[in-house]
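One structure is given here, and the rest of the page talks about it.
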């Protein structure tokens with residue numbers, strides 16, 4: 001579909017939750033018409049398929065069913081601008097110029113500092129996180145970029161958003177939670193309990209400093225043991241600041 005901002009918002013607001021648990025902020029409705037809240041679209045649309053899978057843990061036969069479930073779960077998607085910009089070279093400028101309208105949009109939906117905002121797409125993260133944080137909103141990314149789940153970025157999107165959903169208590173599966181197993185240290189570890197991160201089929205993670213404090217060892221030793229999971233389990237490890245994640 002193609003429409004003016006009010007047309008897009010009218011479709012969106014049909015599926016506005018009574019109580020909003022989390023908001024995804026994306027770039028804009030796409031120029032080719034595959035709008036997230038257009039029920040005439042296909043469930044295979046990249047953003048729709050990715051969000052329903054990660055937030056709800058399932059796929060749907062129709063967009064109408066998926067949007068109702070998304071709404072019932074307390075989730076909502078808002079665009080940084082309702083002018084389709086994904087084919088424009090000046091997209092960043094348009095998003096920045098529309099920021100006051102975004103603030104009004106959030107206010108009209110009673111979205112305040114108690115509702116986590118999850119920014120999706122590199123430029124949206126880069127342009128809006130500091131602004132929204134400065135204006136008192138809760139941006140759950142905390143400096144972490146989430147790529148748009150287009151072809152070639154679906155796995156990265158999954159790996160980037162799942163730790164954030166876990167931190168917010170919004171994981172669609174209990175198995176997405178980090179599992180830290182205490183074991184007696186081996187000869188090459190410090191003479192105390194060592195942390196071994198059990199890398200299963202889902203992202204694992206936690207706070208490096210919290211693990212170090214709990215196990216009475218240094219953050220350096222925790223990082224060393226996290227990295228050893230790559231050899232032990234054939235997993236990929238990611239450390240960013242004080243947080244770590246492990247994916248198979």
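Overview of values
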quantity: Residues of region 54-63 that turn out to be surrounded by 14 or more Cβ atoms within 10 Å (Cβ to Cβ) and touching a residue at least 24 places away in the same chain (Cβ under 8 Å), as a count; calculated: 4
quantity: Any hit, region 89-97, residues being surrounded by fewer than 16 Cβ atoms within 10 Å (Cβ to Cβ) and within 16 Å of the chain's Cα centre (by Cα); calculated: no
quantity: Near pairs, Cβ below 6 angstrom, 6+ apart or cross-chain, from region 115-141 (at negative phi and in the same structural domain as residue 92 (by TED's automatic domain parsing)) to any residue that is assigned to a helix (DSSP H, G or I) and modelled with pLDDT under 95; calculated: 140/164
quantity: Matching helices (runs of 4 or more DSSP H) fully within region 1-89 where at least 1 residues are in contact with a strand residue (DSSP E or B) (Cβ under 6 Å, 6 or more places away or on another chain) and within 24 Å of residue 153 (Cβ to Cβ); calculated: 46-56
quantity: Some residue of region 64-84 being closer than 14 Å to residue 22 by Cβ and loosely packed, with under 14 Cβ neighbours inside 10 Å; calculated: yes
quantity: Strands (runs of 3 or more DSSP E) completely within region 153-248 that count 3 or more residues being modelled with pLDDT of 50 or more; calculated: 204-207, 236-240, 243-247
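The values are calculated or read from the model by the stated rules, or taken from the named source; none is laboratory data. Keep in mind that what you see is a predicted model, and the values were worked out from it rather than measured. When we count neighbours, we look across all protein chains shown, and the Cβ atoms used for this are built from the backbone with ideal geometry, even at glycine.
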